[in-house]
1. Separation between the LEU57 and ILE121 pseudo-spin-labels, each 7 Å from Cα along Cα→Cβ, expressed in nm?
2. Using 7 Å Cα-to-Cβ label points, what is the GLU95/ASP37 separation (nm, one decimal)?
3. How large is ³J(HN,Hα), in whole Hz, for each residue of the range 17-28 in order, when computed from phi with the Karplus curve 6.51 cos²θ - 1.76 cosθ + 1.60 and θ = phi - 60°, using x for Gly and Pro?
4. Tell me which residues come under 5 Å, amide H to amide H, from LEU47 once H is placed; ignore anything under 5 positions away on its chain.
5. Using the beta-carbon distance between LEU18 and ILE107 and R0 = 25 Å, what value does 1/(1 + (r/R0)^6) give for FRET efficiency, to the nearest 0.05?
6. For PHE73, what residues show an amide H to amide H distance below 5 Å, using hydrogens built from the backbone and excluding near sequence neighbours?
7. Could you name the aspartates and glutamates in cross-link range of LYS15, using Cα to Cα under 17 Å and dropping any fewer than eight places away on the same chain?
8. With respect to the cross-link table entries LYS51/LYS84; LYS59/LYS115; LYS51/LYS100; LYS84/LYS115; LYS59/LYS100; LYS39/LYS115, which display a Cα-Cα separation exceeding 25 Å?
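Any read-out appearing in this document is the output of simple, stated calculations on the displayed coordinates, not a laboratory observation. All values reported here derive from a predicted model rather than from experimental measurement. So basically every Cβ, Gly included, is an ideal-geometry build from the backbone, and we count neighbours across all protein chains shown.
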Amino acid sequence: MGQQNLALGLKFNAKAVLDCYEKELEVLPHGRRREIDFKMVEGDFQLFEGKWSIEQLDKGIHGEALDLQFKDFRTTLAYTVDVKPKMWLPVRLVEGRLCKEIRTNLISIRDAAQKVIEGVIHDL
């Protein structure tokens, strides 16, 4: 369940129970990818489904090919969602809130990942 404060003291609540499925790790020619699909099974939307996708691609090798310590990677996290609100939910309200929350979540994940990698690099 999520709640957002709106203008004029109004509150927006929405609930969704999601069924999630983590797919097998996909080995790509120059990297790997994993996806998590999700679909609403109960909630306040007509449709709420999408996926998280994380893809790690080799940027180049500085040393032995088998030594991951010397590989350069580029990692991309993507989030796609298809949402159709129920009739009583204003589309613009839902769209604006979702865009803002998704952006905030992705930035938070990026910042946390950067802290982890900085710690790993510092420990080397």
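1. Inter-label distance under the simple model: 2.0 nm.
2. Calculated label separation equals 2.7 nm.
3. Taking θ as phi minus 60°, the curve returns 9, 10, 9, 10, 9, 8, 7, 5, 5, 9, 8, 9 Hz for the range 17-28.
4. Distant-sequence amide H within range of LEU47: LYS84.
5. According to the calculation, E is roughly 0.70.
6. Those qualifying (amide H under 5 Å, at least 5 residues apart or on another chain) are LYS59.
7. GLU42, ASP44, GLU49, ASP82, GLU95, GLU101
8. Those over the limit are LYS84/LYS115; LYS59/LYS100; LYS39/LYS115.
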